[in-house]
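Heads up: the structure comes next, in structure tokens.
The values are calculated or read from the model by the stated rules, or taken from the named source; none is laboratory data. The shown structure was predicted, so the numbers you read here are calculated from the model rather than taken from an experiment. Note that we place each Cβ from the backbone using ideal geometry, even for glycine, and neighbour counts take in every protein chain shown.
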Amino acid sequence: MSKVEIYSNMWCPFCHRAKQLLQSKGAEFEEFDVDVNPALRNEMTQRSGGRQTVPQIFINDLHIGGSDELVALEREGRLSGLLQVE
């Protein structure tokens, strides 16, 4: 299974949407709450090429983007392959 990381905060509806989609695909993910640890926001911004909004999602260290990009991958039928789930 792929390594999935999501930078989020608990108040973000787009974060909840992304996590629900990942869970519905059976993907396990590591979540980093940028509100709990502000240093994580800096890390997220560097890894994502300057993006400062949450969520920011990485699959096997590849920056996917946010919730909209994750949903687009699902619509295109490419998300399962990236997640290596059936």
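Of the residues examined, Q46 is one that is exposed (fewer than 15 other Cβ atoms within 10 Å of the Cβ), on the phi < 0 side of the Ramachandran plot and in a helix (DSSP H, G or I). In a residue-by-residue description of the stretch 8-15, the property of being part of a helix (DSSP H, G or I) and under 11 Å from the mean Cα position of the chain (by Cα) applies to at least one position. Give me the pairs: first residue in the stretch 59-73 and free of Cβ contacts under 8 Å to residues at least 24 places away in the same chain, second residue of a type outside the set (A, V, I, L, M, F, W, C) and crowded, with 18+ Cβ neighbours inside 10 Å, beta-carbon distance under 6 Å, and six or more apart or on different chains, which are they? Correct list of pairs: H63/S48. Considering the stretch 40-62 alone, what residues qualify as being farther than 16 Å from F14 by Cβ and out of contact with any strand residue (DSSP E or B) (no Cβ under 6 Å at 6 or more places or on another chain)? Within the stretch 40-62, N42, E43, T45, Q46, R47, G49, G50, N60, D61, L62 qualify. Taking the stretch 22-40 as the range and being at pLDDT 95 or above, among the hydrophobic types (A, V, I, L, M, F, W, C), more than 13 Å from V54 (Cα to Cα) and over 10 Å from the mean Cα position of the chain (by Cα) as the test, the residues that pass are A27, A39.
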